[in-house]
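All remarks here apply to the structure that follows.
The values are calculated or read from the model by the stated rules, or taken from the named source; none is laboratory data. The structure presented is a predicted model; accordingly, all values stated were derived computationally and were not measured. Positions of Cβ are backbone-derived with ideal geometry, glycine not excepted, and every protein chain shown enters the neighbour counts. Just the protein is used for accessible areas: all its heavy atoms, side chains included, with ligands, DNA and RNA removed. Shrake-Rupley method; radii C 1.70, N 1.55, O 1.52, S 1.80 Å.
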Amino acid sequence: MPQAAQQLPLVKTKAPLSLTPPALSNSPHPQPLSELEYVNLSYNLLEKVPVFSSCSRVQLTTLLLRNNELENINGVEHLSHLKHLDLAYNMISEHSQLAPLSQLHSLKELFLEGNPVCYQKAHRPSTIHHLSPKAAFMR
C-alpha cells in the first residue's frame, strides 16, 4: 500500500469527503477516518480497503474506491449501512473476492466495471450470489 494511503487523516465531518493523492501524502500520522457518510478515495493506488472508525462503520453510506489497485475488498463487510459502493477499475479477478458483500444488507448500488472479474463467464449471476439476500431483492 502506498505510504500516503496508509496515512489517512482523522476527519470528522458529515459533508462529502474526497481525498486525492496530495491530501493523502500530507497526512503526518495514520489514523482512522471518523464520522463520515460519503467518502471518495478514487485514484489513490490503494491496495487495501482503508480502516474506518467504529462510528463511521455505521454512518458511511457511500464509498468510492474507483481506479485503485484493490485485489480484494476485505474490510467493507464492517460498513453495515453502506448503500453505494464503487469498485470499478480495480484488480478484482475472482468472484470469491466479493464475499464481503454478503454482509452489506443495505447495498443498493455496486459498480464493478473494468475489473478482470467482469470478463468471466456468468459474471452477473456469480456476483449476485455474493450479495446479501436483503440487498439483492431490495427495491
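Got at least one residue in region 84-91 being assigned to a helix (DSSP H, G or I) and small (G, A, S)?
no
Looking only at region 105-139, filter to residues that are under 23 Å from Y43 (Cβ atoms) and either assigned to a loop (DSSP other than H, G, I, E, B) or among the hydroxyl-bearing types (S, T, Y) (or both); which one of those is most open to solvent (accessible area, probe 1.4 Å)?
Y119
In region 44-56, how many residues are of a type outside the set (A, V, I, L, M, F, W, C), outside any loop (DSSP other than H, G, I, E, B) and surrounded by fewer than 18 Cβ atoms within 10 Å (Cβ to Cβ)?
Count: 1.
Using beta carbons and a limit of 8 Å, which pairs, at least six apart or on different chains, have the first residue in region 63-81 and free of Cβ contacts under 8 Å to residues at least 60 places away in the same chain and in a helix (DSSP H, G or I) and the second one open to solvent by less than 10 Å² (accessible area, probe 1.4 Å) and aliphatic (A, V, I, L, M)?
Pairs that qualify, where the first residue is free of Cβ contacts under 8 Å to residues at least 60 places away in the same chain and in a helix (DSSP H, G or I) and the partner is open to solvent by less than 10 Å² (accessible area, probe 1.4 Å) and aliphatic (A, V, I, L, M), are V76/L63; V76/L82; V76/L85; V76/L101; V76/L104; E77/L101; E77/L104.
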